[in-house]
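One structure is given below, encoded as structure tokens.
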Amino acid sequence: MISRIFSAVRFLSILPLFIVLLFVYANISESVGLSIDEAGNPVNFISKNAFFYLSLTILVIINASIHMLVNLYRKTSSDTPKYREALLIWLNGLMILLNLFFITSLVFINAYNSLEILNLDYYGMVVFIILIVTTLWIAGVVPVLRLRGK
């Protein structure tokens, strides 16, 4: 039951992800700065269209891969129900956290390439916290895998 809730939340997390991607595409300038020099000026650039299609490709491949993995495991698993439920919850939770990370990263790229002068100090902390939580979630697969033998 809980795995179905996580699956629904994972599916619903895709919608804001693509809305944010379209919002960022509409707001960024024709060239997107990828890195800065010592003075804080953008150095490496990519075109707006290349950024959009590259981001879209990466997001679709990652989300589709996890979706196929979850469905394949759900249909072919002969493991215990407790282990199967725990692994499906873990996989769906991982994808939810990754989508949240992608959303915050896209918003950060939008703010970074904005013509306005913004204080991005605290926003970097938000991205860092989401990375820490995602890393802890990935480490959480160890207790899930221990359920396999039971």
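Any residue at all in the stretch 80-102 that is in a loop (DSSP other than H, G, I, E, B) and closer than 29 Å to Arg146 by Cα? Before you say what the answer is, go through the steps one by one.
The first filter runs over the stretch 80-102 and keeps only residues in a loop (DSSP other than H, G, I, E, B), leaving 80.
Checking which are closer than 29 Å to Arg146 by Cα leaves us with 80.
For the stretch 80-102, residues in a loop (DSSP other than H, G, I, E, B) and closer than 29 Å to Arg146 by Cα: present.
Any residue that is in a loop (DSSP other than H, G, I, E, B), within 11 Å of Asn110 (Cα to Cα) and either in contact with a helix residue (DSSP H, G or I) (Cβ under 9 Å, 6 or more places away or on another chain) or touching a residue at least 12 places away in the same chain (Cβ under 8 Å) (or both) - is there at least one of those in the stretch 20-30? Walk me through it before giving the result.
Of all residues in the stretch 20-30, those in a loop (DSSP other than H, G, I, E, B) come to 28-30.
From the residues that got through so far, the ones that are within 11 Å of Asn110 (Cα to Cα) too are 28-29.
Retained after the next criterion (residues that are either in contact with a helix residue (DSSP H, G or I) (Cβ under 9 Å, 6 or more places away or on another chain) or touching a residue at least 12 places away in the same chain (Cβ under 8 Å) (or both)): 28-29.
Yes, the stretch 20-30 contains a residue that is in a loop (DSSP other than H, G, I, E, B), within 11 Å of Asn110 (Cα to Cα) and either in contact with a helix residue (DSSP H, G or I) (Cβ under 9 Å, 6 or more places away or on another chain) or touching a residue at least 12 places away in the same chain (Cβ under 8 Å) (or both).
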Scan the stretch 95-113 and tell me whether some residue there is modelled with pLDDT under 85, closer than 21 Å to Ile130 by Cβ, surrounded by fewer than 18 Cβ atoms within 10 Å (Cβ to Cβ) and small (Gly, Ala, Ser). yes
If I ask for residues that are surrounded by 13 or more Cβ atoms within 10 Å (Cβ to Cβ), farther than 18 Å from Tyr25 by Cβ and among the basic types (Lys, Arg), which ones from the stretch 42-94 would you list? Arg74, Arg84
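The values are calculated or read from the model by the stated rules, or taken from the named source; none is laboratory data. If you're wondering where the values come from, they're calculated on a predicted model, not measured in any experiment. No Cβ is skipped: glycine too gets one built from the backbone with ideal geometry, and neighbour counts run over all protein chains shown.
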